[in-house]
Amino acid sequence: MNTRLVIFDLDGTLLDTIGDLAVACNAMLALRGLPQHTYEEYCHFVGNGILRLVERALPEPLRTPENVAAARADFVKYYIDHIDCHTKPYAGIPELVSELTRRGIGMAVASNKFQEGTSKLIARFFPGVAFAAVFGQRPDVPLKPDPAVVEEILSRTRTSKDRVLYVGDSGVDMQTAAAAGVCSVGVTWGFRDRAELEATGARHIIDRPDELLALL
């Protein structure tokens with residue numbers, strides 16, 4: 001492909017964040033005296049932004065706009081202070097990022113996590129890495145699978161679509177890549193399974209970070 005740019009999803013792709021997401025969401029539920037959820041359940045709650053995460057965690061009768069907004073605020077307050085207690089890069093990711101840097105291939109992050117959390121995690125776990133863009137959820141920018149964030153990255157980096165790999169762990173990511181017209185790479189080490197990646201049209205599927213190098 002003669003790849004010039006790799007765009008990464010964050011949660012479930014670069015970083016295993018589910019432990020801190022689960023703890024923060026359960027803390028929000030505990031404040032309300034509500035039932036909590038398991039690690040496995042949270043793997044299916046994430047992927048569409050924090051608002052949808054807390055909405056899914058709340059009992060259905062409580063999913064009013066007012067309740068969801070209040071729950072999100074409590075979640076964010078707890079999460080931003082405990083964001084890296086359990087989070088860590090997946091095995092092989094630091095080495096992959098180093099190798100892409102060595103080869104002069106650009107990198108960017110496109111996440112549905114709120115911007116403050118996205119920026120804090122990238123700074124914490126990838127200090128000194130010159131990402132071309134680090135974008136999380138921002139006001140007036142649609143969440144993935146809308147391709148707006150990818151299109152913004154392509155415009156900023158002046159990269160043509162045929163020189164881009166978009167790497168993610170979920171169907172949302174594969175749909176985002178398709179909507180943006182770039183090549184999708186699904187990863188199996190994240191929160192979702194191979195069947196979801198196949199069903200949503202992943203162009204390539206890899207089981208280890210170093211396998212990405214063969215697709216460049």
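The table below gives the values:
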| item | result |
| --- | --- |
| Of all residues in the range 83-100 being loosely packed, with under 15 Cβ neighbours inside 10 Å and not small (Gly, Ala, Ser), the one that is nearest to residue 210 (Cα to Cα) | 95 |
| Members of the range 121-142 that are closer than 16 Å to residue 12 by Cα and over 13 Å from the mean Cα position of the chain (by Cα) | 125, 126 |
| Odd one out for residue 69, checked against (1) part of a helix (DSSP H, G or I); (2) touching a residue at least 40 places away in the same chain (Cβ under 8 Å) | (2) |
| Filter result for residue 52 (at pLDDT below 95 and not assigned by TED's automatic domain parsing to the domain that holds residue 210) | yes |
| Of the criteria (1) closer than 30 Å to residue 39 by Cβ; (2) modelled with pLDDT under 95, which one residue 202 fails | (2) |
| Failed criterion for residue 139 (all others in (1) touching a Phe, Trp or Tyr at 6+ places or on another chain (Cβ under 9 Å); (2) assigned by TED's automatic domain parsing to the domain that holds residue 180 hold) | (1) |
| Total residues in the range 178-192, condition within 23 Å of residue 18 (Cα to Cα) and modelled with pLDDT of 95 or more | 7 |
| Selected residue (criterion: farthest from residue 150 (Cα to Cα)) from residues of the range 165-216 that are of a type in the set (Asp, Glu) and in contact with a Ser or Thr (Cβ under 9 Å, 6 or more places away or on another chain) | 207 |
| Output for the range 4-57, where each listed residue is more than 13 Å from the chain's Cα centre (by Cα), outside any helix (DSSP H, G or I) and crowded, with 19+ Cβ neighbours inside 10 Å | 5, 6 |
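For (1) part of a loop (DSSP other than H, G, I, E, B); (2) out of contact with any Phe, Trp or Tyr (no Cβ under 9 Å at 6 or more places or on another chain), each residue gets a yes or a no:
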| site | (1), (2) |
| --- | --- |
| 112 | no, yes |
| 117 | no, no |
| 120 | no, yes |
| 145 | yes, yes |
| 179 | no, yes |
| 213 | no, yes |
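The values are calculated or read from the model by the stated rules, or taken from the named source; none is laboratory data. Worth saying up front: this structure is predicted, and the values here are computed from it rather than measured. Every residue, glycine among them, receives a Cβ derived from its backbone with ideal geometry; neighbour counts consider all protein chains shown.
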